[in-house]
Amino acid sequence: MPIAVLQVTMLFINLDVDKSTKYGYLLLMQRCYEVIYANAKRMRGCISKIFAFDKGCTFMVIFGLPGYKHENDSAHALGCAHAIYMELNRIDGLQQTSIGVTTGPTYCGIVGHNHRHEYTVIGRRVNMGARLMMHYRGKVVCDNTTFYYSKLNETFFVVQEAKEMKGLQQVGTVREYRPQINVRNTMDLIRVQQEQKPIIGRDEELAKFELSLERLLATDDETRRLRTPIVMVLGEIGMGRTRLLNAFIALALKRSVTAVLCTLAIGNVNYSYYAVRTLLAQLIKCENLAKEARLKLLRGMFAGNGAILKNIGVLDALLEEDTESEGGKEKELASDGVMRTLVRAVVTHFAERNTALIFAVDDTHLMDESSWRCMPLFAEHSNTMVLLTNRVLLDQVLKTLRVAQW
């Protein structure tokens, strides 16, 4: 790899392990390594270091190195950190996982003697990542730079208490990354964000969406026929697609419309029905339930609905977060036709029991093909609407303008 000063994002992952565990320390470390490596590879990161000291074993994962650079490394790093955190916490014998994420310019190059050198990163942000990891135990925390460049939904972050850290001054705001704490909290945070920091310069877009809401909530069939079933927000990187989506959701919440939100990351592209799974899990309110409790909830909720009960096992498998088999391949759920029929039945069930429903998906350029095929099913009813955001590149915008002018 070349030597350069690059902006990269670093993960410091500290594992507090009980060395007396009956499962064996080395076997436990191997299992932890497999989890970290698999998630880093999936999100296009690189494991740089593994070292042990008196406070446990620490892994260092880097995003943005030459050959692995991506336009949204900060968001990918946070997604990777959260996935690693959730998986490691399910491993028996691991007492605590702490992750610090920082972003900034660092020296990326080779250090050490010719007979024992390594490619590494050196800089103030590297030191900060290690400090965050040790001062905020049992959490995934990030610095303000990572938060800013990630462009992720502000509701996924919780501001932490400021702490003094050795060798660091002006650390800035530290935030814990907790995506989709639950639907109610997420929606409450979106509402508060719009009230305290209202979006500006988007009056025309907000007025158009207000009109769409009026038609969605209309009681007469003639007005409802004029509704907008799908709203797509297109824009380049940094143009405020997510911010506008949140403003739309806040307007809907003011009108007592039920809304669910799925925010996508690059690691979701290869997972079939990921967006569908996320939307339905929030609608059913079963995100954090164990398999037995979830299956009991589903049977009670859809009692009397033969179309859903006939495929209740498929629905349960769809809502299962862990969709990988032991060989690392994705589990086969059902045929595309069965899945579409099932999704349509579930959406119909809730559409009949709610005044209006809005299904929002952020960053649909990262959506899997199976979810794309199911998106129209969420907008089939007269009281449902789909909100989507999609990134477009500058050359795509110019091409579209030239075609329109021609």
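Computed from the coordinates by the stated procedures, all read-outs in this text should not be read as laboratory data. Keep in mind it's a predicted model, so treat the numbers as computed, not measured. All Cβ positions, even for glycine, are placed from backbone atoms using ideal geometry, and neighbour counts span all protein chains on display.
Applying the Karplus relation 6.51 cos²θ - 1.76 cosθ + 1.60 with θ = phi - 60° to the stretch 288-302 yields 3J(HN,Hα) values of 10, 8, 6, 4, 5, 5, 5, 5, 5, 4, 5, 5, x, 5, 9 Hz, where x marks Gly and Pro.
Within the same chain, aspartates and glutamates fewer than 8 places from LYS163 are excluded, and of the rest, those with a Cα less than 19 Å from its Cα are ASP143, GLU176. With coordinates expressed along the principal axes, the C-alpha atoms belonging to the stretch 192-333 extend over 50, 40, 27 Å, beginning with the largest. FRET efficiency for the pair ILE122 and LYS291, taken as 1/(1 + (r/R0)^6) with r the Cβ-Cβ distance and R0 = 51 Å, rounds to 0.65. If you wrap a convex hull around the alpha carbons of the chain, what volume per residue comes out, as a whole number of Å³? Taking the convex hull of the Cα positions in the chain, it is 182 Å³ per residue. Within the straight-line cut-off of under 20 Å between alpha carbons, the aspartates and glutamates reachable from LYS296 are GLU287, ASP316, GLU320, GLU321, ASP322, sequence neighbours fewer than 8 places apart in one chain being disregarded.
Note on ARG202 and GLN170: their simple-model spin labels are 3.1 nm apart, each label 7 Å out from Cα toward Cβ. Modelled spin-label separation between ALA162 and ASP18, with each label point placed 7 Å from Cα along the Cα-to-Cβ direction: 3.9 nm. Angle of helix 183-196 to the longest C-alpha principal axis of the chain, folded into 0 to 90 degrees and rounded to 10: 90°. Helix 73-88: angle to the longest alpha-carbon principal axis of the chain, degrees 0 to 90, nearest 10? So the inclination is approximately 80 degrees. If R0 is 41 Å, the Cβ-Cβ spacing of GLU236 and ILE312 corresponds to a FRET efficiency of close to 0.40.
Loop only by DSSP, 15 or fewer other Cβ within 10 Å of the Cβ. Give me the GluC sites (Glu not before Pro) in the stretch 12-98 that pass, ordered by residue number.
Numbers: sites: GLU34, GLU71, GLU87; in loops: GLU71.
Loop-located and lightly packed - GLU71.
Measuring nothing but how far apart in sequence close Cα pairs (under 8 Å, 6+ apart) lie, relative to its length, the chain scores a relative contact order of 15 percent. With 0.36 nm allotted per residue and the present C-alpha distance subtracted, the LEU226-LEU27 stretch has 65.5 nm of extension available. Shown for the stretch 1-157: lysine pairs separated by 8 or more places, or found on different chains, whose C-alpha atoms are under 25 Å apart, numbering 13.
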